[in-house]
Amino acid sequence: MVTREAGYFAFPGTPAEMNAGLAFFMDALGLPQGEGPSVSLGAEAEALSRGLLREATESILRPLRPGDRDEHGRLLPTSSMTVPTVDGLAKRFLHFVREAFESAGTPLVRKWPWKGGAPYAVALSHDVDLPIKWRLRTALSYAVRRRDFGGMVARLRRRPDPWWTYDTILDMERRAGVRSTFFLAAGGRHRLDPTYQIEDRRMRALPQELRRLGWEVGLHGSYLASEEPGRLREEKRRLEECVKMEVDVYRQHYLRFPSALLAGLREAGFRYDSSLGTSHSAGYLSGVSTPHSLEGIWELPLSLMDGCIDPARHPMFESDQSRQETVSALLSSALAGSGLVVVDWHQNYFDEDEFPGFQGLYAQILSQSREAHRGGVRDLASWWEVRHSARFVRQKDGGWLLTGEDLPAGFTITVSGGTLETDHRVVIRNLADEVLITFQEPGPWAFRVG
């Protein structure tokens, strides 16, 4: 029997080697799940989809398994990372789902990934590893090894330090109408750790001022914190004492991602992490761009870091054009796949004398991503968490209720193969395969599809 009423999507029981892939597909695509009338894939599409699920699961879980890693224990890229391959697998899965609903004569309703119907998203962040350039030791080193006495002169004349660029960053982001996350260290004794102490007067004032102005503060865990839960908890405590608020977003120093990290984050009370990335290349290390749950932690993979296109580390990026093209390619890839770009621009890279062109590259990111859903890492992570918890509930009268906690205005759903009616204020936009409906008031929202 052919119906014109929307229904849920059902997929037959999956073996363990497909579970992570199916969970990611359902969440990334925002497919309706629940009890009631449902639509399943046909036999051929189901068989093909199982291959997609196996491949996706293998990629998603790769960071949790033994594999090729560098001297710091960071996962190494296995192929080109320009395109998020797992996101692409999800799009192919969506094609099968659409065909199944169309064959059943049933409209497909799903949750759009980003607020306001934005075509993609950008999370902005800054790791604070080296907050001051002209420490006495550094200034002496420049003077002796490079015959560069600028640092000593700057210290003697008490000139502003060229790496204390926070006002520059905040001004750029304020003019672009966005906020970002600053990841600050709060401990560590390894030779590769940041050397500042968060309790120092100037460093203590920095996160307090950032928070007062509306920017986000996260913990930049020390080199060994990823392996030592006690150290991780202590660093979290120290930063929270300075900021005077709970800190639940994290990025690991050197992007070290051992198997023990996620358990340590859970035990310490973190909810969000953005450590899954690499300094070897820009792009998507595990093939995933969007937030996804790994062992109870929402992971936002890091995909664009200044060091990945620094010509001092990667000679192929000697020209401004090569760096600009890489930035544009990643943003364009996210746009094409409704994905997410997580940006990490260290505050010292805004020093134009030391890193010429990198402040302009950050300005390019802000300018080119105007149509994206933008914010700090925590802002984008909490949005995804709210979206994840939202549920389509079938009502006795045949209508639907989209319900969940703290559903904000700007929440967007899509309809394929049907029309939507609601008494709520909405903005409607037509795409090639579906219609976007953006609610202009907080949820829950009641609607009918036919």
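Every number in this text was worked out from the coordinates using simple rules, so none of it is lab data. Because the structure is a prediction, the values reported are computed rather than measured. Because the Cβ atoms are built from the backbone with ideal geometry, glycine has one as well, and the counts that use them run over all protein chains shown.
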Work from the charge dipole of region 1-127 (Cβ charges, +1 for Lys and Arg, -1 for Asp and Glu, about the Cα centre) and give the residue of G88, S59, A20 farthest towards its positive end. G88
How big is region 117-382 by the Kirkwood estimate over distinct Cα pairs, in Å? 18.9
Virtual spin-label span in nm between K91 and A10, 7 Å along Cα→Cβ: 3.1
Taking every DSSP beta bridge with both residues inside region 117-382, roughly what % is antiparallel (nearest 5)? 10
Go through region 178-189 residue by residue and turn each phi into a ³J(HN,Hα) via Karplus (6.51, -1.76, 1.60, θ = phi - 60°); whole Hz please, and just put x for glycine and proline. 10, 10, 10, 10, 9, 9, 10, 7, 9, x, x, 10
Can you list the HN-Hα couplings for region 58-69, worked out from phi with the Karplus curve (6.51, -1.76, 1.60; θ = phi - 60°), rounded to whole Hz and with x for Gly and Pro? 4, 5, 5, 8, 4, x, 8, 10, x, x, 5, 9
The chain: relative contact order from alpha carbon pairs under 8 Å, six or more residues apart, as a whole percent, is 20
Longest principal axis of the chain (C-alpha) makes with the long axis of helix 358-368 (C-alpha) an angle, in degrees to the nearest 10, of 20
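Pairs of Cα atoms under 8 Å, at least six residues apart: use those to get the relative contact order of region 163-227, whole percent.
40
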Specify the angular offset, from 0 to 90 degrees and rounded to the nearest 10, of the alpha carbon long axis of helix 136-145 from the longest principal axis of the alpha carbons in the chain. 70
Burial ordering of D161, D397, fewest other beta-carbon atoms within 10 Å first: D397, D161
Multiply the residue gap between K396 and R266 by 0.36 nm, knock off their C-alpha separation, and tell me the result in nm, one decimal place. 42.8 nm
Between the DSSP loop rule and a limit of at most 13 other Cβ atoms within 10 Å, which GluC sites (Glu not before Pro) in region 344-450 are left? E354, E371, E405
Based on the Cβ-Cβ distance from E17 to E385, what FRET efficiency comes out when R0 is 22 Å, to the nearest 0.05? 0.25
Assuming a viscosity of 1.567 mPa s and a temperature of 4 °C, what translational diffusion coefficient in µm² per second does Stokes-Einstein assign to the chain, Rh being the Kirkwood radius over Cα pairs? 55
Top mean-square fluctuation among F11, F182, F350, Gaussian network model of the chain, C-alpha springs under 10 Å? F11
Value at 222 nm in deg cm²/dmol, rounded to 500, when DSSP H runs of n ≥ 4 in the chain each add -39,500 (n - 2.57): -11000 deg cm²/dmol
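Quick one: of the DSSP bridges fully inside the chain, what percent are antiparallel, nearest 5?
45
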Counting other Cβ atoms within 10 Å, keep those with at most 11, restrict to DSSP loop, and tell me which trypsin sites (Lys or Arg not before Pro) in region 220-288 are left. K244
Degrees between helix 85-103 axis and first principal axis of the chain (Cα, 0 to 90, nearest 10): 10
Unit charges on C-beta of K, R, D, E only; dipole of the chain, Debye: 1140
Relative contact order for region 117-382 using alpha-carbon pairs under 8 Å, separation at least 6, rounded to a whole percent? 26
